[in-house]
Each structure stands twice: as C-alpha cells, then as structure tokens.
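Read the structure below first, then the notes.
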Amino acid sequence: MPDDRPHFFDHTPDTLGELFQTWGLARFRAKQVMDWVYAKGVADPQQMTNLAAKDRDLLAEKMRFLDGAVIQHQRATDGTQKLLVDWSLDARASHTGTSLTVLGSSETQTECVMIPSTSQKSGRTRRTACISSQVGCPVGCKFCASGLGGLDGNLTTGQIVQQAWQLSWELGDGDWEVGNNKAVVPKSKTPNPKSQNISNIVFMGMGEPMANLRNVLPAVRTLAADWGMGLSARKITVSTVGVPAGIRKLADLELPVTLAISLHAPNDEIRKRIIPWAEFVSIEQLTDAGRDYFNKTGREITLEYILLGGLNDQPEHAHELVGVTRKLRSNVNLIRYNEVAGLPFLRPSDGDVHTFQNILQQAGVNTHIRASRGRDIAAACGQLRHEATNV
Ligand code: SF4
C-alpha cells in the first residue's frame, strides 16, 4: 500500500502550520517541528521533546517524515559517499528494522552523492551534495549512465529536499549497517554535529532539473531558506543541458543560484551527436538565455564541458569554445569523461586536457579542471544510474 500521508519535506512553515491546524495542533508548532528537522537533524517525531506526547503520536500517525528507504550506502577511497534510495519503499521500515518488501526495481530508485573536498586557497573543508531531480532522465545524453533507461518519473519537491537533508544529517563518518532485507541505516542514531553538514548543493545527479521545474523551484527555495536547509543561494548550482524557457523561469525566482549549462561541445554539429535535445535548441539560443540570466541575477554562468577523447577535446575545439564564451559572462569547468560500461567513449589523455585548458586560459577564459571523485563506486559525473552496483 503506498503511504499517502503528507511528506514533511514538501512543506514550508506556512503550509505546515495550516496543515497542523486542520489536525487540531497549534500553528506555532510548525516552527518547532521545522527547527527539529532542519536545525537539529531530528526527523523522528517521538524525539521532539518539546511537544506533548499526544502531539508526537499524532504527528507520527499523520505525517511521513522520511520518504522511501536507503537500500545501499557506499564509500569511495577518496571519501565520497553515495546513497541509493528506493522511493517505493517505506522508510519507517528501514529505520525500525522491520521487514520490507523490496521491489528491487530500478524504476523507483535514484542515487545521491556527498563529495568532501578541501579548498586549496582557504584550507576549508567543503561538503558538496549532488542530488537527483528525476528517476532516470528524458534527455539520454550518449555518454551518460543516468539516461540509459529513459525517464521513469519526476521526484517530488519533498524527495528532492530530503536527499540534501539525508546527505547532511545522516552521513557523517560512521558506518552503515544492513537491516532486514536490503534496507540500510546509519549505525549511529545520533545526528551529526552541524560542522559536518553540507556546504554546497549541485543539481547534477540523475535527471534534467528543467524538465521537472514545478518541483525543483520550490525545492531550491527550501534549500536556500533560513527555516530550511539554510544554504546561501550562491552555493546552490542548477545544471541543465539547456531549456531556454526554464533558464528564464529560474531567473524569475530572484535567488542568485548558480546556473551551469552542460554545453559539452563547441558547435551544434558535435553537440547533436552527443545530446539528443540539441536537435531542438542551438548553442546560440542557450547563450541568449544565459545572457538574460546574468542580466537578471548578476551571476556568471558556468559552462560544463565533458572532454571525450578524440571527439571534442582537440585544440580546434578549444579555440571554437573560446568563441562561445565571448557571447556571455561565463567560466568553464572541464570534466574528464568517466567511463560507463557498454558506452563507446574514451577518457581523454592528460596531455590533451592540459592543452585544452591552456588554450582557454591564454584567451582569458576562467577555466578549471574538475577532479573526478568517487569513480571507484561509480559516483562520478555521468556515472549515476538507478540500480544497486556491486562495487
Ligand atoms: Fe540526463 Fe544529465 Fe545524464 Fe544528460 S548528462 S542524460 S541531462 S543526467
């Protein structure tokens, strides 16, 4: 039986207050509950000790706090951690260790990743949450594991926010243990100290965020809200292969989130070979939308460029890319292709990557080479898919 109780993470303080009133709970309780979940990392109503016992029981009965269940937790040698969540399962079962019906279907599963890193400049530790917006992906980029099986559905606002919350509060440095069946839970039930919380969020997991804007936009608001995850909007990156109308709607949010356009090619001809949606949107249309985004938000656009050996990583491609960057205020992130079993693309050579970067830098383009993280657990860019892996 699907659990159709309201999901906590779908709500704002206002909508939660209204809901509470219909249950006979005082409206101000909404703020207390928000505080328990987002500021203290407690999502079990029975642990919300400033609520009366009868109110805690009522909440436990009427509201779904955690949706789905984590069915796999993996840790890479570089500290990257990945969670596989099955949204069709009942999270209460995984958290109490009672029996689950594991459907084992990739059509209801997504992955999210926490990537720790240390800034070379400040020495500060960063914890970046990479979250999914859809189950599968409708775009089907030729080099990406996430789009291999097409789209199975959209994640709700609550499911999108919940991923960031779980990566923030449930990971820490402790181990996870397998409960009954496939569901796994953190060994320590103590929430992590705030210092371990995530510092950045990127919508670069499974799915095309612009194809699920109805749920992504409210999720971004919750991630950036003081009452919610409380991240600075600048630390939130929404990545898209490029839907000009969606880019303009994101600008209308009036939150200065970072927009990353997955360009991946210096011209339309190569782009069409690797990104099916490039048939409908030209690079010119994308740079126009990116310029509008900059004009409205003041945020420079990040152009993501995955280097595919021999296909788009040669000096002539770098020179052509310089021309694209001249059309909008942008910086470039170069990503070495991460191999996906069964796909015919090659990881570029180190020499080609550095030559490519030098050409951009000599032309005055701010360019970074993004480190490949979590490759040994298939958690790196383009490797996320929706099924358990035996790594
Ligand atoms: Fe979808 Fe992004 Fe993968 Fe393309 S790269 S198939 S848009 S998840």
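Values quoted throughout were computed directly from the atomic coordinates according to the rules given, and no laboratory measurement underlies them. Everything quoted here is computed from the prediction, not taken from an experiment. Reconstructed Cβ throughout: ideal geometry from the backbone, glycine too, with neighbour counts over all protein chains shown.
Cα centroids of the stretch 128-172 and the stretch 9-24: 26 Å apart. Label-to-label distance, SER232 versus ARG329, with points set 7 angstrom from Cα along the beta-carbon direction: 1.7 nm. Between HIS319 and GLU18, the simple spin-label model (points 7 angstrom out along Cα→Cβ) gives 5.9 nm. Working ranking of peptides 205-212, 276-283, 325-332 by packing, defined as the average number of other Cβ atoms within 10 Å per residue, highest first, is 205-212, 325-332, 276-283. Over the stretch 294-379, the hull volume per residue, using the convex hull of the C-alpha atoms, is 109 Å³.
Averaging 1/r over each pair of different alpha-carbon atoms in the stretch 303-343 and inverting the result gives 11.4 Å, the Kirkwood hydrodynamic radius. Between the stretch 266-313 and the stretch 35-65, the alpha-carbon centres lie 45 Å apart. Going by a ≥ b ≥ c, the root eigenvalues of the Cα gyration tensor, does the stretch 8-62 fall in the rounded group (a/c under 1.5), the prolate group (a/b larger than b/c) or the oblate group? Cα axes put the stretch 8-62 in the oblate bin. Put in line by how crowded their Cβ is, counting other Cβ atoms within 10 Å and starting with the fewest, LYS249, LYS54 read LYS54, LYS249. For the residue pairs LYS31/LYS82; LYS82/LYS249; LYS121/LYS235; LYS235/LYS296, alpha carbon separations beyond 20 Å are given by LYS31/LYS82; LYS82/LYS249. Computed over the stretch 200-288, the alpha-carbon pair-distance distribution with 10 angstrom bins reads 16, 48, 26, 8, 1, each value a whole percent.
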